[in-house]
Every structure is written in C-alpha cells, then in structure tokens.
Amino acid sequence: MRPLDEQETTAVFEKLHKFVGSNLKHLIERPAVEGATAGSAPLRYCFRLHKNRVFYASEALVKKATNISREKLVGVGTCIGKFTKSGKFHLLASSLDLLASHAKSKIWLKPSSEMSFLYGNHVLKSGLARITDNVQQNQGVVIFSMADIPLGFGVAAKSTQECRKLDPTAIAAYHQSDVGEYLRMEDDL
Amino acid sequence: MASGKRKRKSHPAAPLLPADVGDDDIEISDEDVSFVAKNFQYAGFLSSLDTHSITKQILGINSNKKMADNLELYYEKRAKFASKGKEVLDTDSAIVSDVLPVKSLSGELQYRKFNTSSATEKEEAHSGLKEQKPLVELKKPSALDDHQMKSDLTHGQGDNVTVASLGHKKLSKLELRKERKKAKKETQALSKGDTQVNKSSSHLLALEQLEQDLSEEKRIEEIKAQMAELGTAVLADPENNLDSLTELQGLCSYRDSHVSSMAMLSLLAIYRDIVPGYRIRLPTEKELEMKVSKEVKQLRDFESKLLKCYQRYIQFLVKSTKSGSLSKAATRCITGLLEAIPHFNFRDSLLSATVPMMNSADSDCRKLSCNAIQSLFLNEGKHGGSATVEAVEMIAELVKTENCMLRPDVIEVLLSLAFDEDLNRHSEQAQEGGQDRRVEKLQKKHVEKRKKAKHELAAQLREEVVTDFREASAMPDAAELHKLQTQTLTAVFETYFRILKASINSPDSSLGSSSASFRAKLVEYGPRPMLGPCLNGLAKFSHLVSVEFMGDLLSLLKRLAGGEIKGGTPLSFRDRLHCCVVAFKIVRNNLEALNIDLRDFFVALYNLILCHKTSRDDSDGLVLAEGLQVMLWETRQHDMQRVAAFIKRLAAKSLHLGPGEAISALVTIQHLLQRYKRCQILLENEDGGSAAGHLCDMQEEEGADPDLSGALSSVLWELSLLSRHYHPAVSRLATQISSIATSNEAVKATLNPTEAILLYSSNNGGFNPSVQLPKKKVKRRFYPAYSVKEVDVHESIRECSEMEARQMFRSHFQVLRDIKENEALRKQLNKIIYTLNLFKAKKMPKHRKNRSPMLL
C-alpha cells in the first residue's frame, strides 16, 4: 500500500472530475469523523494504491491498516477503482456512493428500464425519465432510479439539448458500471 | 334672401373691387389732407391707432369695416345675429355690401355693375368663410342700408379718394381711417351735442378693444359652427363634398392651437366614418387608359381624391406630433386612426409615428399610443394580422436601436399579443403535409403513363376547387395567418433575447455617454427597465418557445438567475427569482420534449432564499411565494438531498420572515414532508443523522449547492422555535408539521404558498386573520360595550357603535356641566347671603323697620 504518484493521481482525479466536477474539492477536503481528536485539525480522507486498486480511506484508518502485511491486506476504506495493465484508471461500482453524493449531472431512469440497465445495457432515450439540465456530451453521469437510489454510472452519449430531439431507441448514456456487478462479477470486485 | 335685398336697394349695387392692386398706386389727395388738418383735434386718435391689430382683424378683407364704423349698427347686427344663428353664413350677400364706389378722376362716383362671374363670387365667398367675417355679411334692413349708403356718398365727395387700384391691405387701412371719421360725425350727430368729442373718441377706443375681444371669441365660436357644418356635409355625402375636407385641413394650421386641434379631431371623426372598408389601390396607367363606365370613373376619382386628402392629413399629423402645442391632439388623432381604420392606406406611417411615441416622456401620449398598439393586437380581424407583424417588428427595431434603454411600456404592450395555441403543432402538420406530397410524387412516378394524363386533369380540377373555396370563404387563409404569427413570434422573441442579453452585459459598459442622460430619465424604473416586462412576456409565451431556442434561453436565464453580471449594478433579488420562475415555466410547458432537472436554478433559488429581506410592500414576498410554488410545490421529482436542504433552509429562514411569508414557507415544508416520506427523518431528534447524509456532511452556511448541504443528516430544530412564534397561525402550523411523522392521519395541506401569503399577510397592519384574546375573568358591568374580545382595532371600533359612544360622552359631559352649574349657583347664593348680611348690619344701627325682602 502506497500513496499515488503524480501520474496516477492525475489519472484518478481526471476520472473523478468527469463525474463530480468542482465537487472534487469537497471529496478531498472532507473531514473525517474517525480518529479525530478534539482541538486538533480534523483528519482528512486520502487515496491509497494497493495491488493496482485505488482506495479512498480516512487517514486514521490508513494508519491502522499499516499493521497488516501487504500480502494479507485485502482492502482498506472504499475501493473506488483500479489501474489496468496498460496504466488506465477504471472506476468500479463500489465508488458509486461517493460519486452519487457529489455528482454534477444525473440521469433518472424510468422504472421499466431499471432492470435493463442493471444487466449492463446502455440507457436508451425511451428509458430516460429525467436528466439534469446542461449535461455535455461525454460527461460522466450518475444514474438513479426514480426513487433516488443510485444504480450506476456511465457517460452521456448526447448533451441535454440533443437528447430532446433524440430517437426513442437511440442511446442516451453509455453504461460503465452498475450495482448489478456485485452479483454478476462478484469475484472481480 | 340676398337677391331680394339687392332689389330693394335704391341705388345700384356696389361694384366689386379690382382683384389685384399695387401698393404704390395709392394717392392721398390734398382734400383729404386738408380735411385731416381742419379736424385735427378729432383726428388725434389716428396717430395712436393700433394699425397692426386692425389690419390683423380686417386682414385684407374690406367686409369688416362697416361693422367698425357705426357701432350702433354693429350692436343691432349682433343682436340679430344671435337670433338668426347660423343662417348668416349666406355668402352671396357678402360681397355686395362691402365694396365702395370708385371715384373717377373727374370726381364723380362710379358704381360698378354687379356682374362678376360666379367663379369670382365663389372665390370671395370662400375667402370670406375662411377669414370668418360673417358678421358683416349680415344683412341690415334696407332702411339702414340706405342711410349708410347716403352717408357714404356724402362723405365720399368730401373725401376724394382717388382710386385707380387699391392694395388690399392699404385699402382697408385707408378706408378704416375714413370710416373712423364718419363714425365720429355720426356719433356727433346722433348725440346732437358737439360737446363730448373727446369723450366719444376714448369711448371708441374702449369699444374697439371690446369688439376685438368679442370678435376673437366669436370667431372661435363660428369656426366651431363651421367645422360642424363642414363635417356634416362630408358625412352626408362624401362623394361630392370632399372639398370640405380640404377646408378643414386648412383650419388645422390655424394659429390658435385650440382651434387647430379641434379641426384635427373633427377630421379624425370624419375619416373614421368615410374611409371605405378596403385598402385603396390607385389604378395603374394602363388601367387609366382603359375605358370605364361612368360609375367606375366616379368611384376612382373619389378614391384618389380621398387618398390625397388623407395623405395630407397624415403628413400634417406626423409633423405636428413633433411640435409642442399640438402634439397631444396629433397623437390622439394618430392613435384614433390606427385603432379605427388599420386596414387603410398609410398605415405604416401611422405606425412609425406611434411606435416611438410609446417611449414618450409624456405619460398621456405614452398611454394613448400603447393602447392603440394593443388594440391593433387584440382586433386582428380589422387588418388581417399584417399590422401586428409590422408593429412588432417596429418595436423590435426600436429596442435594437435604443439599446434596450426604453420605458417598460414599450414591451408591456407585447403581452397583449394573442397566438394560436397550436402554433407549433400547426407547423408539424404542415411538415407532415409536405412529406405526404413527396410520397405522392414518388407514387406518381410509378403510375403508368396512360393514367398520368387522367391524374393530371384531376389534380388541376382539385386545385381550382381549392382556390375557389378559398376565395369564397371569408376566413383568412390559415396558412397565411400562420405565417404572420410565426413572423410576429420571431420578432417578439428576438426582442426578448436582446433584452436578456443586454441585461447581462451591464448597461454601463456597453453604452456610450450619449445615452447617459436618457438613462437618468429612466432611473425610476431601475437599472434594467425592460427586464421585468420581458420576463413576464417570456412566462406568458413560454409554451411557444421552440425547442431550438430553449437551450440558449435557459442558459441566458441561468446566468441572470445566478447573478453573473458583467460589472454594473447587480440584479435585484426580484429579477433573479423571476428568472428562475420563468425558466421553470418554460420547461414545464414544454414537458413533452424532455423532463429536465433544472439543477442550476435550484441552486440559485437556494441561495436567493437567504437574500430575501422582508420589506414593507409585499412584492418581494409575493415573488418568493410564487417561486416556492412553481419550483418546489408543483414540480414532482426531486432527490431527497435537495428536498431536505430546501426544508432546512426554509425553516431557518422563516424564523426571520413576516407571518405571511413564514406561513407560505411552512406550507411548502409541510407539503414536501408529506410527499417525500424519507425526508421525515429530519423530524427525528436522534443524534448522528442518517446514513444517506454521511458522505457529505459539510453544513455550510453559504452552501452553494443544496445537494451537498448534507441537510438529511440534520435535525429540524427550527420548528420548535417556530411553534412559539408570536403569530398563532404560524405556531399552530409549526406544531402541526412537527407531529407529521407521529400522527397517523394525513393532514391535507389546503393552501398553496401564494394563497397563504395573501391570506396571512400582515402588511396592512394588524394580524390577519385577527387574533382572539383569551377571555378575561373579571367582567366589567358598567360598560358592557367596552368588554373587548377582539384585539383587532377595526373590529372593536366597529363593534361599539357610534350611538353608544355618543351616549357615553353625553352622560359624561352632563355630569361635568351639572357640577359647573352647581358651583355657579353656590357662588351666587354666597354673594346674596353676604350682601344680605351687610345690609342687615347697616340697617341695624339705624333701626329701620322696612327692609327690602329680596335684593335680586
């Protein structure tokens, strides 16, 4: 387990920025409740790389985790993504809560198309119940059910303006990850 | 009547004056000079004669002098005039009386034969009319006439005026002088005393003045009568009496603004009635060459004449809108014409005069022209809609050239535009139709050649039928109408866009110094005078915004709502909130396109709630209530975080608001809590908050984003404070809300925010509805009317009626009066007793027996 180097940090932050935009600041400066002592400055959350996976954990937790040897340590805090063999960074479904609470652009799905999305399909225009105004093309979007439960995230295929004129069968957002993966790809996570 | 009179005259008819006379030809004879010298003391007034006013009055027309010379006659005539009324306008007699005999070189008087052609007679009559001297034309009885003529003769010989040819003006002056003398003599003769010469001359001057005043008044009266006559003549038979229009037109440029505005207004009334119900198209040269029937020719003549008169009238009006004194009347006429006959020719010049007037500094003109344009918009049937397009485009142009610094009235007018509800749908249909036609074409290609000819024939027939039908039906063509409306709509939205953009680019930076002075005039409307009405208009026509525009429009509104202004004064709270509301209305009215979550506007509203300051007038509060209603109450889907954030902020803010606004905020909170059950965690007072909020639990005071406020993990402690609010309705509602989670029965919220603020607003003073005081335990028995149960001042005043009050006062003052009276009586009694005692004391030593029993 080690802190991210510069290149890795850039890759992670760029990816996160696609979804949370300027809220990235809040993500990093978030004060940690855990291990905070009265009077001293609050502890922060930090990113750690372990076995090609990037974890988001409070500093107190990280300190405690150093007690466990590298081979034995499975994870610490929240796993938000992993680096591929070629050095690219991918967000994983476990980062969904973090993204959902800070997301800039959102898409709400109609109940009828929720299942389809959870099986790993793209979001079609017909399944689109609501979309945040001013979504740009290729921006990261977090996908919610109508009851405001985050289902997954993806990339907007079209901007909001274009979505208005879109064909019902056209793709509105590309699927990247969804909570269905906890079942489908249990071993990989 | 005139001819009869002429016959009765004993002498030949007076000759007509020569038409043109040069000034140089006047000679004053020696006799004349000597006459003046001899009677010098009488002629003193000549030097002090106000020639200017006399000439002005007489102005080249000799008809008036008689009236000037013998005053008795004049007053007699006046009496007669009053009794005769308007008949005096008889023109024929005018010439006869006023022309003097001509004296030949040998000294003999020559009377010209009355043999002028009717043409000159008419001309003279004309000028007589124009100059309004009908008084003189009044015909004196022949006896008087004779007398006058005789005196003319006698004096004429003495005077020896050699008249070869006389100038109009000079003539009148000279004659006037002569007649003054005559008048003098006559008055002398009549008074039969030569003693009061001086007196009579001063008398004369006074009379002259009086006469002048009278004649001015009189003239106006007569002009009025004349205008009435001309008007009725035109209205009775427009085809033949168009000349009267020219005369009235002439009166428009009369020097007295009162008269000329009356003339303008009467012309307005006339044109309104005689203008035909169609637009006149003058025949082309080719058409003129063609031979036409008599009636057609007559009609054409009439039309072209009418058009010419009308054009002159309009030109005059447009010109006089710029002159100070007439501008109001001219505006009234222009707007009146625009309202009454918008279909007629020269509409564009009317419009181009009216549209800039909507920005006039004069509120009357502004109102008039705005009303006219509005009536254009409302009564499109009168002109088939084309005038609407022209007007709207002109307004758009005006806004463009003036850089959006205009009075708001200009834009408010657009609110009264009416569009077909299915304007957009219509275009879709048209497109579909186009597709159909294309399909048809494709199909046609496949049809065999043999059938082709047959098809073509059928198509031709169909087309003919369609055109015939279109002509036959009086209804305006739907496609045409649609085209016009689209054009109008484009201009309207163009204007709105321009205003929005100008509001973002602050006026200070974009404009030169030239408009600085004008901006100073608009200070009363705030730094962005047109934004308010523009937003109103957008809200009204929000359903017509086309999808292509919507993105741009929303992004503009977003920048305005977020207060992103480039320099200059920041947008007011109201305008920003208004932007949010308008954006929501636009999106809601175009729901079928896509359901969009207007996140940025929620952010703006979230921050604006904090900016709100309770003010004395309700306007800000009303806008806030409207915003709450449109954005939170009516829209359906929100995410929990946002709802919780708004609930929290509204509760916090309502601690600082007046009762009306607080209630509207609380009503919104109640509504949201009932609809989003998950948000009811806010009401539970367990520590730690919920799981949903733990990822971003930064409670920022100025938190920009409701989604990040972490409100879900907070507690709605404000409600317990609010339940101790001084206003009973607020505290009741707060308690009700805090028990939503525990109480089983679902309390239906009956009010929406705007209703609530109107119902509970305390702006007029006093609680609304009034508060019930707790009943007092000790009841006063003496004044049952004063046992007040209601605190409301108005109520209590109303309750203890006037009668009761009067009674109370009466009894009170009765007691006072009694006390005073009592005091006075006592004093008197004391006095008496004292004097009695004195008296006794005095009497006692003298031992007198007879006492007066009473002293008083």
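The table below lists the values:
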item	result
Only listed residue being exposed (fewer than 15 other Cβ atoms within 10 Å of the Cβ), closer than 28 Å to B:Gly710 by Cα and at pLDDT 85 or above, chosen from A:Lys63, A:Lys85, A:Lys15	A:Lys63
Set A:Ser22, A:Ser69: member being farther than 22 Å from A:Leu183 by Cβ, away from chain B (no Cβ under 12 Å) and surrounded by fewer than 16 Cβ atoms within 10 Å (Cβ to Cβ)	A:Ser69
Single residue of B:Ile270, B:Ile280, B:Ile220 found to be at pLDDT 80 or above, in a loop (DSSP other than H, G, I, E, B) and β-branched (Val, Ile, Thr)	B:Ile280
Residue satisfying all of: in region A:146-170; at pLDDT 90 or above and farther than 17 Å from A:Ser95 by Cα; surrounded by the most Cβ atoms within 10 Å (Cβ to Cβ) among these	A:Ala156
Matching residues, region A:102-141, being crowded, with 23+ Cβ neighbours inside 10 Å, among the aliphatic types (A, V, I, L, M) and either in a helix (DSSP H, G or I) or in contact with a helix residue (DSSP H, G or I) (Cβ under 7 Å, 6 or more places away or on another chain) (or both)	A:Ala103, A:Leu109, A:Val123, A:Ile131, A:Val135
Those residues of region A:132-188 which are in contact with a Ser or Thr (Cβ under 9 Å, 6 or more places away or on another chain) and β-branched (Val, Ile, Thr), in sequence order	A:Thr132, A:Val135, A:Val141, A:Val142, A:Thr160, A:Thr169
Boolean, B:Ser796 is modelled with pLDDT under 95, of a type in the set (Ser, Thr, Tyr) and under 30 Å from B:His727 (Cβ atoms)	yes
Some residue of region B:602-614 being surrounded by 24 or more Cβ atoms within 10 Å (Cβ to Cβ), in contact with a helix residue (DSSP H, G or I) (Cβ under 6 Å, 6 or more places away or on another chain), farther than 21 Å from B:Tyr760 by Cα and not acidic (Asp, Glu)	yes
Candidate set from region A:131-144 (those that are modelled with pLDDT of 85 or more and within 11 Å of chain B (Cβ to nearest Cβ)); member that is nearest to the chain's Cα centre (by Cα)	A:Val142
B:Ala625 within 14 Å of chain A (Cβ to nearest Cβ), modelled with pLDDT of 75 or more and surrounded by 23 or more Cβ atoms within 10 Å (Cβ to Cβ)	no
Members of region B:400-410 found to be farther than 26 Å from B:Asn345 by Cα and in contact with a helix residue (DSSP H, G or I) (Cβ under 9 Å, 6 or more places away or on another chain), listed by number	B:Lys400, B:Glu402, B:Asn403, B:Cys404, B:Met405, B:Leu406, B:Arg407, B:Pro408, B:Asp409
Unique match (being in contact with a Gly (Cβ under 7 Å, 6 or more places away or on another chain) and under 20 Å from B:Leu368 (Cα atoms)) among B:Ser266, B:Ser327, B:Ser261, B:Ser320	B:Ser266
Qualifying position, being modelled with pLDDT of 90 or more, among the aliphatic types (A, V, I, L, M) and closer than 17 Å to A:Leu24 by Cα, among A:Leu118, A:Leu98, A:Leu91	A:Leu91
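Conditions tested, residue by residue: (1) modelled with pLDDT of 85 or more; (2) of a type outside the set (Ser, Thr, Tyr); (3) more than 21 Å from A:Ser159 (Cβ to Cβ).
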{"site": "B:Met550", "(1), (2), (3)": "no, yes, no"}
{"site": "B:Leu554", "(1), (2), (3)": "no, yes, no"}
{"site": "B:Arg559", "(1), (2), (3)": "no, yes, no"}
{"site": "B:Gly563", "(1), (2), (3)": "no, yes, yes"}
{"site": "B:Gly568", "(1), (2), (3)": "no, yes, yes"}
{"site": "B:Phe573", "(1), (2), (3)": "no, yes, yes"}
{"site": "B:Val582", "(1), (2), (3)": "yes, yes, yes"}
{"site": "B:Val587", "(1), (2), (3)": "no, yes, no"}
{"site": "B:Ala593", "(1), (2), (3)": "no, yes, no"}
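The values are calculated or read from the model by the stated rules, or taken from the named source; none is laboratory data. None of these values were measured; they are calculated from a predicted model. Positions of Cβ are generated from backbone atoms using ideal geometry, with glycine treated the same way; all protein chains shown enter the neighbour counts.
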